[in-house]
Amino acid sequence: MSQAKKALAKTAAKQTPTRGGKRLRAAAVKTYFNYIGGEWVASAGGDFFENLNPADTRDVVGRFALSTAEDVTRAVDAAKNAAEKWRLLPAPRRAELLFRLGEILLRYKERFASDMTREMGKVLKETGGDVQEAIDCTFYTAGEGRRLHGFTTPAEMPDKFAMCVRQPVGLCGLITPWNFPMAIPSWKLIPALVCGNTVVIKPAEDTPLSTYNLVKACEEAGIPAGVVNMVTGYGDPAGKTLTGHKDVRLISFTGSTATGRIVASACAERNAICSLEMGGKNVIMVMEDADLDLAIEGTVWGAFGTSGQRCTASSRVVVHKKVYKKFVAKLVERVQTLRVGNGADPQTDVGPVINADAVSKIMGYIEVGQREDRARLAAGGNRLDTGAAHANGFFIEPTVFVDVAPEMRIAQEEIFGPVTAVIPTNSLEEAVEIANGVRYGLSAAIYTQDVNRAFRAMNDMYTGIFYVNSSTIGAEVHLPFGGTKATGNGHREAGTQVLDIFTEWKSIYVDYSGKLQRAQIDEVNFE
Ligand code: ADP
């Protein structure tokens with residue numbers, strides 16, 4: 001959580017926005033409320049926090065309800081009240097509302113993308129992609145309203161029928177991060193709804209506007225009051241209260257591995273279901289037979305798209321020694337052409353990072369990398385904070401470390417910024433060992449023209465996602481998304497696999513023999 005934003009929240013709280021120099025500006029700033037039981041309501045304490053544009057913090061995107069435990073409890077109560085009616089609405093009818101939602105998102109795509117760039121910084125093309133992902137997810141998952149397949153299977157006794165159906169888990173708490181502020185909420189919200197659950201969503205404090213846009217669209221689509229509820233505010237108390245609430249049956253969380261662990265422990269305390277999508281330290285392997293230009297493009301896109309703030313970012317590149325020099329020279333040359341600036345400017349390649357805390361963390365890692373002899377800074381390395389384009393935002397140069405040893409911190413820990421580490425290797429076998437040698441297991445890629453190498457790496461990488469001749473980013477909504485090791489806890493979002501998060505199986509036996517039949521005990525013979 002951003003300390004800068006936290007401080008602002010405190011000062012913004014309860015102030016009259018129409019008095020005083022700085023506050024006068026706030027008069028024009030729109031105020032956004034929580035959405036509870038179909039009503040847009042202020043927080044119980046009447047407090048707000050400010051959402052700032054990371055490209056220019058003088059630009060206040062909006063004032064959002066600073067939710068307390070009381071607000072969360074109200075939202076949970078509203079979701080609880082709506083649960084039974086929503087569960088009993090046939091799934092194809094629930095899906096009709098979601099198809100309508102998809103149309104609305106499509107209609108507002110441009111506005112939503114520009115709001116998103118303003119609140120979290122990534123370039124317009126990428127925020128358009130983020131909204132498109134929510135649209136794709138909505139249409140794809142709404143289709144499940146007419147599937148939600150269960151199965152039948154033979155029973156072991158005669159005159160007995162066996163089947164298995166999905167049932168909603170009940171009330172779901174959705175806790176989301178700021179880097180995909182509409183796509184990730186949609187990955188959770190849409191499947192939760194089609195499966196017959198009601199929800200309370202707590203978006204990241206840095207990006208409440210995109211979730212507001214999504215929830216507002218739900219209202220416009222006619223999703224009944226209480227089915228979708230939104231509380232804005234900080235992890236503590238809002239997220240924490242949601243996680244600990246006895247009526248919340250499931251928490252679906254995406255965020256840092258450290259916070260995920262806290263969320264998981266809180267869920268374990270009360271036997272709630274918990275699905276976690278957390279960090280990554282993703283890798284691109286470049287073999288000696290790779291199309292180097294293609295590998296460079298994939299590296300630049302994977303490492304610096306969203307300013308490196310993706311859980312799938314290519315933060316390590318393991319390159320065969322036979323092409324290492326050439327690869328590094330080309331990569332550095334290409335990275336130096338990238339333009340850093342406001343994501344709303346079509347000339348910009350790399351936008352700001354999210355907030356002041358992110359700047360400190362990323363610059364801290366750059367210092368760590370520079371302090372060690374085992375790596376060399378080959379491009380970037382500086383914060384950009386002078387000149388009209390950069391003075392008021394959180395900008396960092398795209399940064400490349402080369403000759404990095406695999407055990408160095410910059411090659412092991414998630415930096416979540418525009419920094420990548422290039423590591424030399426002698427062979428595919430060694431590359432795979434380096435690639436697997438981190439605590440995370442989200443995404444990996446190989447660039448090679450050799451089908452045998454591609455399959456070898458595909459088979460040996462212990463990750464949830466793998467790409468051949470493509471970057472570590474670029475997931476599609478109809479395939480499962482998630483990772484191994486410290487990235488997740490075994491669940492997968494997207495695809496049909498997400499249905500296993502938001503439903504529970506019910507095995508049903510129908511005995512039409514008219515007598516007591518005891519499975520495993522009574523004999524069944526041919527005569
Ligand atoms: P980041 O450090 O990248 O901001 P976090 O993992 O802290 O990521 O945040 C992801 C989401 O989790 C945000 O919506 C945040 O408010 C929420 N969150 C943070 N702390 C907690 C907590 N203790 N309990 C529940 N949710 C939390």
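The values are calculated or read from the model by the stated rules, or taken from the named source; none is laboratory data. All values reported here derive from a predicted model rather than from experimental measurement. Backbone-built Cβ (ideal geometry, glycine too); neighbour counts: all protein chains shown. All accessible areas refer to the heavy atoms of the entire protein, side chains included, with ligands and DNA or RNA removed. Shrake-Rupley method; radii C 1.70, N 1.55, O 1.52, S 1.80 Å.
Among (1) in contact (Cβ under 8 Å) with a residue 24 or more places away in the chain; (2) open to solvent by less than 10 Å² (accessible area, probe 1.4 Å), which single condition is residue 113 missing?
(1)
Condition first: open to solvent by 30 Å² or more (accessible area, probe 1.4 Å) and either more than 11 Å from the ligand (Cβ to nearest atom) or outside the structural domain of residue 232 (by TED's automatic domain parsing) (or both). Now tell me which residues in the range 245-274 satisfy that.
Those that are open to solvent by 30 Å² or more (accessible area, probe 1.4 Å) and either more than 11 Å from the ligand (Cβ to nearest atom) or outside the structural domain of residue 232 (by TED's automatic domain parsing) (or both): 246, 247, 249, 268, 269, 270, 271, 273.
Quick check on my filter: what residues within the range 190-226 are within 16 Å of the ligand (Cβ to nearest atom) and assigned to a helix (DSSP H, G or I)? Give the steps one after another, and end with the answer.
Of the range 190-226, the ones within 16 Å of the ligand (Cβ to nearest atom) are 199-212, 214-215.
Result: 208, 209, 210, 211, 212, 214, 215.
Residue 187 - would you say it is more than 10 Å from the ligand (Cβ to nearest atom) and either open to solvent by 10 Å² or more (accessible area, probe 1.4 Å) or of a type in the set (S, T, N, Q) (or both)?
Values: more than 10 Å from the ligand (Cβ to nearest atom): yes; either open to solvent by 10 Å² or more (accessible area, probe 1.4 Å) or of a type in the set (S, T, N, Q) (or both): yes.
In short, yes.
Return the pairs, sorted by first residue and then second, in which the second residue is part of a loop (DSSP other than H, G, I, E, B) and of a type in the set (Asp, Glu), the first residue lies in the range 144-160 and is in contact (Cβ under 8 Å) with a residue 40 or more places away in the chain, the beta carbons are less than 9 Å apart, and the residues are 6+ apart or on different chains.
157/522
Name the residue that is nearest to residue 170 (Cα to Cα), counting only residues in the range 227-244 that are more than 7 Å from the ligand (Cβ to nearest atom) and either among the hydroxyl-bearing types (Ser, Thr, Tyr) or surrounded by fewer than 23 Cβ atoms within 10 Å (Cβ to Cβ) (or both).
Checked the range 227-244; the qualifying residue nearest to residue 170 (Cα to Cα) is 244.
State which residue pairs qualify: first residue closer than 16 Å to residue 213 by Cα and assigned by TED's automatic domain parsing to the domain that holds residue 39 and inside the range 224-235, second residue β-branched (Val, Ile, Thr) and near the ligand (Cβ under 10 Å from one of its atoms) in any location, beta carbons under 7 Å apart, and separation of 6 or more residues or different chains.
Between residues of the range 224-235 that are closer than 16 Å to residue 213 by Cα and assigned by TED's automatic domain parsing to the domain that holds residue 39 and residues that are β-branched (Val, Ile, Thr) and near the ligand (Cβ under 10 Å from one of its atoms), the close pairs are 230/201; 230/211.
If you go through the range 277-297 one residue at a time, how many are within 25 Å of the chain's Cα centre (by Cα) and open to solvent by 10 Å² or more (accessible area, probe 1.4 Å)?
2
Out of the strands (runs of 3 or more DSSP E) lying entirely within the range 84-177, which hold 2 or more residues that are within 24 Å of residue 479 (Cβ to Cβ) and not assigned by TED's automatic domain parsing to the domain that holds residue 352?
It comes to 160-168, 171-175.
Taking the range 209-226 as the search range and keeping residues that are within 15 Å of residue 111 (Cβ to Cβ) and open to solvent by 10 Å² or more (accessible area, probe 1.4 Å), which one is farthest from the chain's Cα centre (by Cα)?
Checking each candidate, the answer is 220.
In the range 361-381, which residues are open to solvent by 80 Å² or more (accessible area, probe 1.4 Å) and within 28 Å of the chain's Cα centre (by Cα)?
Just the residues of the range 361-381 that are open to solvent by 80 Å² or more (accessible area, probe 1.4 Å), to begin with: 361, 367, 370-371, 373-374, 376.
Hits for the range 361-381 are 361, 367.
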